[in-house]
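Working notes for the structure below.
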Amino acid sequence: MDVCDKVLTFDDFLSWKIEALREFLGKRGLAKDKPKRELSALAYSAYTMNLPVLPSAKEHEQIRRKDYQSLLLVDGTRIPDPFSLHERWLSEQDGMKSWPPIYLTDIVQYAGVSDMYVCKFLQEYKLGKGQSFVDAKHSGEIFYHPIASNSHLCVLRSECIPSQHLRDDPHKIWIVVEKDTGVIKSSYCTCTAG
């Protein structure tokens, strides 16, 4: 059961059947295994706070795909999906000479982090924590793809293992970078945050 434009009271929710309350709460990602009075109170609270209905699994997947496709549109040009490119990748040893000049400031600017995080990041960088992750094999080989000879963009891809989950499968990462300037234009990671 879902609500229409009429104003509902707590007593209205008390009159609903348990199945209707569970459906209403389930659509909003809320607990459904409480006694009826608690379900009614929770449903009334969700209603008064105007909690939205969560997208279904199918809708969530469509949103995720649309968001991913938007990452492939860079400067008005659709780049090929880095996960679908299987040829012309250069290994780290062969591709490093073609890497764009990416500096720490490019990464910080792309990430859009606040000054407080920039300071913390720079302190950790100075302490060599970034290098310690490389030494501990948390990051894999970095591959280079030129996209096309006439493209001003290239792709770098790699894998990384989270420091807290060493036995998990590595996350796959890619970034799209301007070849000449090192400006990061787009990025993606298969981790939950993306």
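The values are calculated or read from the model by the stated rules, or taken from the named source; none is laboratory data. Since the model is a prediction, treat every value here as computed from it, not as a measurement. Here the Cβ is made from the backbone with ideal geometry for all residues, glycine too, and neighbour counts use every protein chain on show. Note: areas computed on protein heavy atoms with side chains; ligands, DNA, RNA excluded. Shrake-Rupley method; radii C 1.70, N 1.55, O 1.52, S 1.80 Å.
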Inset, instruction - With all protein chains present, calculate the accessible area of Y103 using a 1.4 Å probe and round the result to the nearest 10 Å². - result: 140
Inset, instruction - Pull up the cross-link candidates among the aspartates and glutamates for K36, meaning alpha carbon to alpha carbon under 20 Å and not fewer than 8 places away within one chain. - result: D2, D11, D12, E19, E23
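What does the charge count near E19 come to, summing +1 for each Lys or Arg and -1 for each Asp or Glu among other residues with Cβ under 12 Å from its Cβ?
Values: positive: K17, R22, K32, K36; negative: E23.
With Lys, Arg at +1 and Asp, Glu at -1, the neighbours total +3.
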Legend entry - Neighbour net charge for W99 - beta-carbon separation under 14 angstrom, K R +1, D E -1: -3
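Can you put T190, T105 in order of accessible area, largest first, using a 1.4 Å probe?
T105, T190
With a 1.4 Å probe and all protein chains in place, put R65, R28, R22 in order of accessible area, largest first.
Numbers: R65 145, R28 30, R22 100 Å².
Ranking R65, R28, R22 by accessible area, largest first, yields R65, R22, R28.
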Legend entry - 20 Å Cα-Cα reach of K179 towards aspartates and glutamates, excluding residues that sit fewer than 8 places from it in its own chain: D75, D81, E87, E92, D94, D106, E141
Legend entry - Per-residue SASA entry for W99, accessible area with 1.4 Å probe, Å² rounded to 10: 70
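Between R64 and T9, what FRET efficiency follows from the Cβ-Cβ distance if R0 is 30 Å, with the result rounded to 0.05?
Working: r = 38 Å, r/R0 = 1.26.
Calculated value: 0.20.
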Legend entry - Simple spin-label estimate for L73 and D135 in nanometres, 7 Å along Cα-Cβ: 4.5
Inset, instruction - For E23, tell me the accessible area in Å² from a 1.4 Å probe, rounded to the nearest 10. - result: 80
Legend entry - Cross-link pairs beyond the 29 Å C-alpha cut-off, checked among K66/K137; K34/K172; K58/K172; K32/K172: K66/K137; K34/K172; K32/K172
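At 0.36 nm per residue, minus the direct Cα-Cα distance, what do Y103 and K32 gain on full extension? Give it in nm, one decimal, please. Please report the intermediate quantities before stating the final value.
Values: separation 71, 0.36 × 71 = 25.56 nm, distance 5.00 nm.
Stretched fully, the Y103-K32 segment lengthens by 20.6 nm.
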